[in-house]
Structures are given as structure tokens and as C-alpha cells.
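The structure appears below as C-alpha cells.
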């Protein structure tokens, strides 16, 4: 993996997610909000894009909650994240569930250089607020999607109310 200083990543943020990786799939644990949001996210993606037969990259996939749901809906999924422990949790959980999902520890920028315009759907959920250069990450997401494909992004507002609810309360 390249040096973190050359990546659009904050080592402290990656460490924070690695520290909770062991509890990622506990629906009452630190990732509880993700578990609760996932059914609505999946329904939205199904409604606006469809998933069966689509090639998807889930950027900032964490432990794979959304990646697994999209794979179950018939998508061919690649989940990427720069936090090594969450990628290992995602791989282990998918294997235990009998799902064929590819997981890689690679940045969106590096994957865009390697596989430009290669995906029907690019998802990036609650990741942009954790990177030093959100605009650079968005450019990478746009470079990953095929012409006519979809990019779906969700991120937190940078208000004090959002900070209190999502960062202090949820994380």
C-alpha cells in the first residue's frame, strides 16, 4: 500500500475504524446506525438504479454491510476501504455468509487510475467526511463510473447539530 501521506486519507480516521472493526457486524454496536440505515439505502439503490447484474464498487465499504446487501440483490460487488482491519472483517463475514464479494485495501483514486469507467454503479456512503480532500475523492468516484452509470454518495453535513448526532452520538 502507498504511504498514507500520499493518499487522500487521515491515518487517525483509519485507526478509529480499525479499532471498532471487530464489532462491525454487531447490530447493537458502534456500527448500529449503518445497520439501521442499510435497508433504506438498499431500497433506494434498487429503486433508482437496480442492482441485479450490475457491476458495483462500494467506496469506503467498511465491514461490508452495504456491499453484502448489494451482492444479495444480484450485483457483482467490489468493496474498497483503506482501513485494513475492516477489510479483513468484510472478507471474513462475506465468506461465512457464502457471498462472493471482492474486497481490496485500495484508494478510490488508485482504483480510478487502474479501472477507469469500469463500474455501472459507484456507492460512497459516509466516507467523504473522513477524507482531507473530498473534492479529490468525488473526482475519483466520477472517474470510476461508466458513461450512463450512477454515482450515489451520502455524507454528513458539517454543522454542529450533525456533529453531535452523528459523530459524538454514533461514533
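Just so it is clear, none of the values below were taken in a lab; they were calculated from the coordinates. Since the structure is predicted, the reported quantities are computational estimates derived from the model, not experimental observations. As a convention, Cβ positions derive from the backbone with ideal geometry for all residues, glycine included, and neighbour counts pool all protein chains shown.
The figures follow:
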{"item": "Normalised alpha carbon radius of gyration of the stretch 4-170 [divisor 2.2 N^0.38 Å]", "result": "0.97"}
{"item": "Cα-projected label distance for residue 115 with residue 26, points at 7 Å along beta-carbon direction, nm", "result": "3.2 nm"}
{"item": "Sequence-separation-based contact order of the stretch 112-156, relative, with Cα cut under 8 Å and 6+ spacing, percent", "result": "58 percent"}
{"item": "Mean separation of Cα contacts under 8 Å (6+ apart) over length of the chain, as relative contact order %", "result": "23 percent"}
{"item": "Taking 155, 123 and counting other C-beta atoms within 10 Å, the order from fewest to most", "result": "155, 123"}
{"item": "Fluctuation leader among 137, 110, 75 - the chain, Gaussian network, Cα springs under 10 angstrom", "result": "110"}
{"item": "The chain - mean residue ellipticity at 222 nm from DSSP helices (-39,500 (n - 2.57) per run, n ≥ 4, rounded to 500)", "result": "-11500 deg cm²/dmol"}
{"item": "Approximate spin-label separation residue 16-residue 43, in nm, with each point projected 7 Å along Cα-to-Cβ", "result": "2.9 nm"}
{"item": "Mean separation of Cα contacts under 8 Å, 6 or more apart, over the residue count of the stretch 86-160: relative contact order %", "result": "33 percent"}
{"item": "Exposure proxy order (Cβ contacts within 10 Å, fewest to most) of 125, 70", "result": "125, 70"}
{"item": "Residues 152, 89, 57, sorted so that the one with the fewest Cβ neighbours within 10 Å comes first", "result": "152, 89, 57"}
{"item": "Label-point separation, residue 100 to residue 88 (7 Å along Cα→Cβ), nm", "result": "2.6 nm"}
